[in-house]
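A short write-up of the structure that comes next.
The values are calculated or read from the model by the stated rules, or taken from the named source; none is laboratory data. Keep in mind that what you see is a predicted model, and the values were worked out from it rather than measured. Cβ coordinates were reconstructed from backbone atoms using ideal geometry, including for glycine residues, and neighbour counts include every protein chain displayed. The protein model used for the area step is the full one, side chains on, heavy atoms only, and it has no ligands, DNA or RNA in it. Shrake-Rupley method; radii C 1.70, N 1.55, O 1.52, S 1.80 Å.
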Amino acid sequence: MVLIDRWELRRGREAVGTTRAVQRLSALLAIQGRRDRCLVAGQLWPECNEHHAQGNLRSALWRIRQQHPKLVDAMDGALMLNPGVRIDMDEILSHARAVLDDGVAPANALAVLSAGDLLPGWYDDWVLLHRERLHQVQLHALERLATLHAQEGRYLEALQAGLTAVRMDPLRESAHRVVARVHLAEGNVGEAIRQFERCRQVLADEFGILPTRQFLDLMSPIRQSLA
């Protein structure tokens, strides 16, 4: 199941169509895991009373059983995706855990961690919450990936990871700071200063504030030497 950049259900390499209700139900279970039926109905149809919401859920489950019988399992009043369903979001989380928890940089970590947003164009509260959570996981993992590469002297890969984090969130000072550190580790003082100035400018333009003491202290020895 594809949740990044779009919703898509595939059998092998072939995409299969379904209703909006089935899309939302399968996406919720993919993101939240096993859930009580009553909670699922309330989350998917919050504008409806309980009776109507439960009816909508029964209708969606009936359609799933007709069209995609191996997609959703029901047990003890709870719903869950069939364990055999693969979810692309899980690959991002797996790579993030490898980088953040184990200090390991998988070969394709940059491509996986810089994948797009979770279900763009969906505005349900449960989607917005998990979209932001996943976005933060991606950003933290990219910054850590840049640091890991820099420690190994792989400065190009480090810069690619750090600059990707900056691109994903230009207002994130920690991403700018990681990029500046990589430039300094490589001996590119001018590039580090430029990155600091970019950060300083965007923070001033958007919020009217200066970079944090952490960034100022990082750059202070260089700026003092140029004074």
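Contact list please: Cβ distance under 7 Å, first residue in the range 16-37 and in contact (Cβ under 8 Å) with a residue 12 or more places away in the chain and part of a strand (DSSP E or B), second residue of a type outside the set (Lys, Arg) and open to solvent by less than 30 Å² (accessible area, probe 1.4 Å), pairs at least six apart or on different chains.
VAL16/LEU9; ARG35/LEU29; ARG35/ALA78; ARG35/LEU79; ASP36/ALA78
Go over the candidates TRP122, TRP126 one by one and state the one that is hydrophobic (A, V, I, L, M, F, W, C), surrounded by 13 or more Cβ atoms within 10 Å (Cβ to Cβ) and outside any helix (DSSP H, G or I).
Among TRP122, TRP126, only TRP122 is hydrophobic (A, V, I, L, M, F, W, C), surrounded by 13 or more Cβ atoms within 10 Å (Cβ to Cβ) and outside any helix (DSSP H, G or I).
Quick check on this structure: which one of GLU132, GLU157, GLU206 is of a type in the set (D, E, K, R), open to solvent by less than 70 Å² (accessible area, probe 1.4 Å) and either in a helix (DSSP H, G or I) or touching a Ser or Thr at 6+ places or on another chain (Cβ under 6 Å) (or both)? Talk me through it step by step, then tell me what you get.
Working: GLU132 fails: open to solvent by less than 70 Å² (accessible area, probe 1.4 Å); GLU206 fails: open to solvent by less than 70 Å² (accessible area, probe 1.4 Å).
Criteria check complete, one pass: GLU157.
So, ALA111, is that one under 19 Å from the mean Cα position of the chain (by Cα), open to solvent by 60 Å² or more (accessible area, probe 1.4 Å) and of a type in the set (Gly, Ala, Ser) or not? Give the derivation first.
Working: under 19 Å from the mean Cα position of the chain (by Cα): yes; open to solvent by 60 Å² or more (accessible area, probe 1.4 Å): yes; of a type in the set (Gly, Ala, Ser): yes.
So ALA111 fits the description; yes.
Just the residues that are touching an Asp or Glu at 6+ places or on another chain (Cβ under 9 Å), open to solvent by 30 Å² or more (accessible area, probe 1.4 Å) and outside any strand (DSSP E or B), please, taken from the range 1-15.
ASP5
What is the residue count in the range 64-92 for residues that are part of a helix (DSSP H, G or I) and open to solvent by 50 Å² or more (accessible area, probe 1.4 Å)? Before you say what the answer is, go through the steps one by one.
Within the range 64-92, the first condition is being part of a helix (DSSP H, G or I), and the residues that meet it are 64-67, 88-92.
Next, from what is left, pick out any that are open to solvent by 50 Å² or more (accessible area, probe 1.4 Å): 65-67, 90-91.
Matching residues across the range 64-92 total 5.
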